[in-house]
Amino acid sequence: MAETALVERGPEREPEPGSGRAPRFSPREEPRRRGRAVEGVRGYGLIVRMWIRSTMTYRTSFLLSVFGNGAITLLDFVAIYIMFSHVDVLGGFTLPEIALLYGTASASLGLADLLIGNTDRIGVRIRDGSLDTMLVRPVPVLAQVAADRFALRRLGRVAQGLGVLGWALWELSAGLDWTVGKVVLVPVMIVSGAGIFGAVMVAGAAFQFLAGDAAEVQNSFTYGGNTMLQYPPTVFAKDLLRAVTFIVPLAFVNWLPALYVLGRPDPLGLPGWVAYLSPLVAFVVFLPASLAWRAGVRSYRSTGS
């Protein structure tokens with residue numbers, strides 16, 4: 001009875017675990033559905049605040065974790081740096097130019113991983129049935145899953161990505177034709193890239209409702225995509241470039257904006273103004289990802305235990 005009361009008290013009526021029923025809405029509940037997004041943000045903030053307070057209880061451990069996280073991810077760039085001790089250019093790109101690609105991709109993924117990276121654990125919750133407890137709370141499930149075990153130590157990846165980006169911009173500043181649009185495009189591509197990575201994470205989490213556990217499939221598009229974006233597009237086949245531009249638009253994370261900033265042509269021959277479409281692409285990609293997530297939650301049947 002207590003669980004039923006919790007469900008009915010929320011603005012959106014969630015299905016009881018194992019019931020197999022999809023939530024239904026009446027016309028009068030539409031304003032409440034809009035308010036549910038606000039409740040989701042508020043609930044996310046409260047959960048995140050709880051985990052941050054828990055983390056900061058041991059501040060020395062937190063600082064060491066941030067440093068370790070940043071140092072480990074920095075090894076990817078160290079490998080690139082060592083490679084450039086034997087070559088002068090890679091795919092026509094110099095080390096500072098590749099550092100620009102590395103820094104933007106790493107900072108974007110780090111920001112997305114910090115905010116909603118825990119969505120890849122949804123498969124574990126589906127298997128052990130702990131997702132049931134989230135369904136009876138008056139907070140959207142996605143907000144709970146994304147904020148669960150919020151790891152502030154992931155700031156290390158963001159910090160080291162921004163550090164490499166800062167060095168790259170310092171080295172390139174004298175040789176680039178800077179305009180207001182290019183200056184604004186640098187932070188925009190980081191935020192938009194985080195949005196695109198976040199949409200891929202949500203879509204991957206939705207797929208786990210069907211597959212049971214497909215965290216590695218999700219990681220192949222996020223962490224694997226991040227590794228690919230650290231290198232210039234000129235070293236990849238055009239079929240791959242088309243796939244990551246028009247199917248899974250990871251090219252909008254940093255390739256297309258960075259090519260415009262560097263004054264380089266796109267290998268596919270796309271016009272320069274495409275570089276400014278990253279925010280729109282992030283929004284467009286997030287729509288089907290959110291719909292897939294809702295479909296996944298509605299199809300959930302619990303473990304029966």
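The values are calculated or read from the model by the stated rules, or taken from the named source; none is laboratory data. Note that the structure is a prediction, hence the values are computed from the model and not measured. Please note: Cβ atoms are built from the backbone with ideal geometry, for glycine as well, and neighbour counts cover all protein chains shown. Side chains are part of the model used for accessible areas, which takes the heavy atoms of the whole protein and leaves out ligands, DNA and RNA. Shrake-Rupley method; radii C 1.70, N 1.55, O 1.52, S 1.80 Å.
Quick one: in segment 269-282, which of the residues that are out of contact with any Leu (no Cβ under 6 Å at 6 or more places or on another chain) and surrounded by 15 or more Cβ atoms within 10 Å (Cβ to Cβ) is nearest to residue 198 (Cα to Cα)?
Per the criteria, the residue is 282.
Any chance you could count how many residues in segment 60-80 are loosely packed, with under 14 Cβ neighbours inside 10 Å and within 26 Å of the chain's Cα centre (by Cα)?
9
Under 6 Å between Cβ atoms, at least 6 apart or on separate chains: pull out the pairs that start in segment 55-69 with a residue that is closer than 18 Å to residue 158 by Cβ and end on any residue that is open to solvent by 90 Å² or more (accessible area, probe 1.4 Å).
Once the first residue is closer than 18 Å to residue 158 by Cβ and sits in segment 55-69, its partners that are open to solvent by 90 Å² or more (accessible area, probe 1.4 Å) give 65/153; 66/153; 69/153.
It is to be established whether one or more residues within segment 201-215 are β-branched (Val, Ile, Thr), assigned to a helix (DSSP H, G or I) and farther than 29 Å from residue 129 by Cα.
The answer is no; no qualifying residue exists.
So which of 214, 206, 194 ends up being out of contact with any His (no Cβ under 9 Å at 6 or more places or on another chain), open to solvent by less than 60 Å² (accessible area, probe 1.4 Å), of a type outside the set (Val, Ile, Thr) and at pLDDT 95 or above?
194
Could you please give the count of residues in segment 225-249 that are within 15 Å of the chain's Cα centre (by Cα) and either modelled with pLDDT under 90 or open to solvent by less than 10 Å² (accessible area, probe 1.4 Å) (or both)?
3
Residue check: is residue 274 in a helix (DSSP H, G or I) and farther than 29 Å from residue 121 by Cα?
yes
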